[in-house]
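Trainee: Here it is, the structure in full.
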Amino acid sequence: MAEGGAGTGTGRRAVRRTSIADVARLAGVSQGTVSNVLNHPDRVSGDTLARVQEAIALLDFVPHGPARSLAAGSTRALGLILSDLTNSLFVDIGRGVERVAWERQAFVLIANTDSDLARERQYLATFDASQTLATLVTINDASHYQTLVDQHRPGRPLVFLNYRGPAVSHCTVDMDNRQGGRLAARHLLETGRRRLALVSGPMMLQPVAERVEGFAAEAAAAGVAYFHEEVADLDRSHGFQAGLALRARVEAGEIDGIFAVADLVAAGVAQALATSPSIEIPRDVGIVGYDDNRAAWDSPMPLTTIRQPGDSMGAAGAELAFEEIEDPAHLHRSVTLEPELVVRRSTVDPG
């Protein structure tokens, strides 16, 4: 008599897959709520979202479609959670991750969060449930870091990019932002600026706080005071408003050098100052940004900036992820990359 179950010839029993109903039962919610968590997390309250995500992780629930293929082990993929795909820095990070993944015969699944913690948590839960080889995530906030660390299921690498956390917890890749702030202040001072202004963003963001620290230290070492303007968001519109707030001081000669902690902010500042017929950049004021993204080099006023090697950051993160994939006993570590000053027309007149 032939061995094996009827109609299969394999002798293997079918394995029942975890369903949405199982997740709903464990979380104590409706199946519709589970569906919303998977597809529209913005519609679900924080406590309920956390409860469903925990149930998804505990049950190893995998959504339908491509994710089932991932769970079956038929593909090799890294999950990459990026903060803002409108910022070319994060596009460069993605290119670096993809390059290393391609060399390892893997591919990359990319998610964009706009720095929203709920979306970061949802994508992390989805990649965990999909059993990607590893997940890489860009963040800049200590509270986001701790929340994601607490949520993540052990046994699968989680690497943080553009953030420096405790190396004993997870691998991280960041930039020496203090040195970047120093480079910005030093360049303004070396081009003869002595009446400086700093346009920063929310100080709870690690890169912002460290850039401010570096700038302040370099200015203090030179015995130069500076005016500080803080914006609520690191985008062009908030930079424009900061530029309008500074315009009268620049016109009066009270400010002749400005460092903005992000290129988008610096571009907005430059646009606002250009509305004054009496201000000429860089004759009257020099402007330095940070990142070297598209806003710096593809604008009517090319910006001097502090370059972050996004491609190298992504590649280093992917290498760390594959190290842990291949050797789960490897020691976590932090990698810090060096920034570089790129001089353009916003501080030095080529003529």
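The values are calculated or read from the model by the stated rules, or taken from the named source; none is laboratory data. Everything quoted here is computed from the prediction, not taken from an experiment. FYI the Cβ positions are ideal-geometry reconstructions off the backbone, even for glycines, and counts take in every protein chain you see.
Trainee: Counting only residues that are more than 16 Å from ILE255 (Cα to Cα) and over 25 Å from the mean Cα position of the chain (by Cα), how many does the stretch 188-222 have?
Mentor: Of the residues in the stretch 188-222, 5 are more than 16 Å from ILE255 (Cα to Cα) and over 25 Å from the mean Cα position of the chain (by Cα).
Trainee: So, in the stretch 36-49, exactly how many residues are buried (at least 19 other Cβ atoms within 10 Å of the Cβ) and in a helix (DSSP H, G or I)?
Mentor: Result for the stretch 36-49: 4.
Trainee: Restricting the stretch 183-241 to residues that are surrounded by 15 or more Cβ atoms within 10 Å (Cβ to Cβ) and among the basic types (Lys, Arg), which is modelled with the lowest pLDDT?
Mentor: Ranking the candidates gives ARG236 first.
Trainee: Based on what the data block shows, is THR33 more than 22 Å from ILE110 (Cβ to Cβ), at pLDDT 85 or above and polar (S, T, N, Q)? Even if it seems obvious, please write down each step before you answer.
Mentor: Working: more than 22 Å from ILE110 (Cβ to Cβ): yes; at pLDDT 85 or above: yes; polar (S, T, N, Q): yes.
Spelling it out, THR33 is indeed more than 22 Å from ILE110 (Cβ to Cβ), at pLDDT 85 or above and polar (S, T, N, Q).
Trainee: Go through the stretch 124-147 and give me each residue that's among the aromatic types (Phe, Trp, Tyr) and surrounded by fewer than 23 Cβ atoms within 10 Å (Cβ to Cβ).
Mentor: Let us first name the residues in the stretch 124-147 that are among the aromatic types (Phe, Trp, Tyr), namely 127, 145.
The one that is among the aromatic types (Phe, Trp, Tyr) and surrounded by fewer than 23 Cβ atoms within 10 Å (Cβ to Cβ): TYR145.
Let's see how each residue does on (1) within 30 Å of ASP256 (Cβ to Cβ); (2) in a helix (DSSP H, G or I); (3) acidic (Asp, Glu); (4) under 18 Å from the mean Cα position of the chain (by Cα):
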position: GLY165; (1), (2), (3), (4): no, no, no, yes
position: SER169; (1), (2), (3), (4): no, no, no, no
position: ASP174; (1), (2), (3), (4): no, no, yes, yes
position: ARG186; (1), (2), (3), (4): yes, yes, no, no
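Trainee: Now for a separate question. Please work out which residue is modelled with the highest pLDDT, limiting yourself to the stretch 106-122 and to residues that are surrounded by 21 or more Cβ atoms within 10 Å (Cβ to Cβ) and more than 18 Å from GLY314 (Cα to Cα).
Mentor: ARG121
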